[in-house]
Amino acid sequence: MLIKRPGDIKPSEITPQGIYARRRELIKSAGLLAVAGVAGIGTGPATAQTGAKLPAIRKSSLSTTEKPNSFKDITSYNNYYEFGTDKSDPAENARALKVRPWSVVVEGEVKKPRAFGIEDLLKFSLEERIYRMRCVEAWSMVIPWVGFEFNQIAKQVEPTSKAKFVEFVTAYQTDTMNGVRMPILNWPYTEGLRIDEAMHPLTILSVGLYDQMLPNQSGAPVRLVVPWKYGFKSGKSIVRIRFVEKQPKTAWESAAPQEYGFYSNVNPDVDHPRWSQKTEKRLPSFFANRKTEMFNGYADQVASLYAGMDLKKLY
Ligand code: MTE
């Protein structure tokens, strides 16, 4: 196994190698980067909502007392592959994302399927949740999200007894997302949770960061946040939520099942096949000198969800 300092983990490594090689080929042979440039991607319609202040927000007892990262740290080092694989790409390219009008369709095994406009989502009682977030690439940040518990959505649509999992489907805008021209993942990016994970009070839908509407690179206008799992479970720019009977296939599982499982709980005892998960660097530090905690430090709240499961097999 290759154990690297997290700072050395490049997109070529986080991305399954075969897929990355294919992508480089494509870029070279089709001159796709040039096409993206000609299309003016990155200079699309600016989003009026970016930077807009959110109204008074309640504080939550579920927040960590650790010091949050700065707004700049949180919004300049991102993963949002639809806008490129470098950490600085989303801040630049996601400006083009069209975030209005926006609605989230909630369907499947529910008694009352419906679409929630972003205006409806902003009417939920919003609170600040300061969460530790741990990326599978072994870096972490502390992020003051603003949002509401996912279970509030569930209450409105009334899942049936057949609903065992929840699938989250994210936006696929071919005219604004330069990254979806590359077959890095099966677009649209999808994620999934078991229903009890989704209903857990720590699982939120976030619409803001600090006291502002969510910036595009952070997953505007609405994203999932699941703080005890690796960051990739927290799908950005959600457009569809399906309550389903069978465990859905997630984007990363489809791309590299040997590297990314369905559960993806933060676990220092289960290494990624290509690097250790025992420690992490807390950005903006360069040093991976923090011990990673089981369930990212949320074990007291969530360990019972996994009682009796072999987490080395169900990673
Ligand atoms: N959601 C979408 N739609 N596309 C992505 O590429 N990347 C995931 C997740 N959600 C991703 C996504 C990964 S790998 C991580 S670590 C987190 O978003 C990063 O969130 P952040 O940039 O807000 O820190």
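The values are calculated or read from the model by the stated rules, or taken from the named source; none is laboratory data. Remember, predicted model here, so these are calculated numbers, not experimental data. FYI the Cβ positions are ideal-geometry reconstructions off the backbone, even for glycines, and counts take in every protein chain you see. For the accessible areas, the whole protein counts, side chains as well, though only heavy atoms, and no ligand, DNA or RNA atoms are used. Shrake-Rupley method; radii C 1.70, N 1.55, O 1.52, S 1.80 Å.
Annotations for the structure displayed:
- Here residue 254 clears all of (1) under 18 Å from the mean Cα position of the chain (by Cα); (2) surrounded by fewer than 18 Cβ atoms within 10 Å (Cβ to Cβ); (3) assigned to a loop (DSSP other than H, G, I, E, B) except the condition numbered (3).
- Listed by first and then second residue, the pairs linking a residue in segment 262-285 that is closer than 22 Å to residue 251 by Cα and small (Gly, Ala, Ser) to a residue that is surrounded by 15 or more Cβ atoms within 10 Å (Cβ to Cβ) and at pLDDT below 95, with Cβ atoms under 8 Å apart and 6 or more places separating them unless they lie on different chains, are 264/315.
- Matching residues, segment 85-97, being among the basic types (Lys, Arg) and not in a loop (DSSP other than H, G, I, E, B): 95
- Residues of segment 167-204 classified as within 13 Å of the ligand (Cβ to nearest atom), farther than 18 Å from residue 260 by Cβ and within 14 Å of the chain's Cα centre (by Cα), total: 1
- 1 or more residues within 23 Å of residue 173 (Cβ to Cβ) and away from the ligand (no atom under 16 Å from the Cβ): qualifying strands (runs of 3 or more DSSP E) within segment 98-154: 103-108, 114-117
- When restricted to residues that are open to solvent by less than 10 Å² (accessible area, probe 1.4 Å), under 18 Å from residue 236 (Cβ atoms) and of a type in the set (Val, Ile, Thr), segment 137-153 contains 2.
- Residues satisfying the stated conditions in segment 105-127, i.e. open to solvent by 30 Å² or more (accessible area, probe 1.4 Å) and touching a residue at least 24 places away in the same chain (Cβ under 8 Å): 105, 107, 108, 109, 111, 112, 113, 114, 122, 125
- Within segment 270-315, being under 25 Å from residue 192 (Cα atoms) and among the polar types (S, T, N, Q) holds for 276, 277, 292, 296, 301, 304.
- For residue 232, the requirement of being under 24 Å from residue 89 (Cα atoms) and more than 20 Å from the chain's Cα centre (by Cα) is not met.
- Given (1) away from the ligand (no atom under 14 Å from the Cβ); (2) touching a strand residue (DSSP E or B) at 6+ places or on another chain (Cβ under 8 Å); (3) charged (D, E, K, R); (4) in a loop (DSSP other than H, G, I, E, B), index of the condition residue 312 fails: (2)
- Single residue of segment 282-312 satisfying the filter (under 24 Å from residue 258 (Cα atoms) and hydrophobic (A, V, I, L, M, F, W, C)) that is surrounded by the fewest Cβ atoms within 10 Å (Cβ to Cβ): 307
- Inside segment 155-202, residues that are in contact with a helix residue (DSSP H, G or I) (Cβ under 8 Å, 6 or more places away or on another chain), over 30 Å from residue 59 (Cβ atoms) and part of a strand (DSSP E or B) make up a count of 2.
- Taking segment 215-226 as the range and being on the phi < 0 side of the Ramachandran plot, within 12 Å of the ligand (Cβ to nearest atom) and in contact (Cβ under 8 Å) with a residue 60 or more places away in the chain as the test, the residues that pass are 215, 216, 217, 218, 220, 222, 224, 225.
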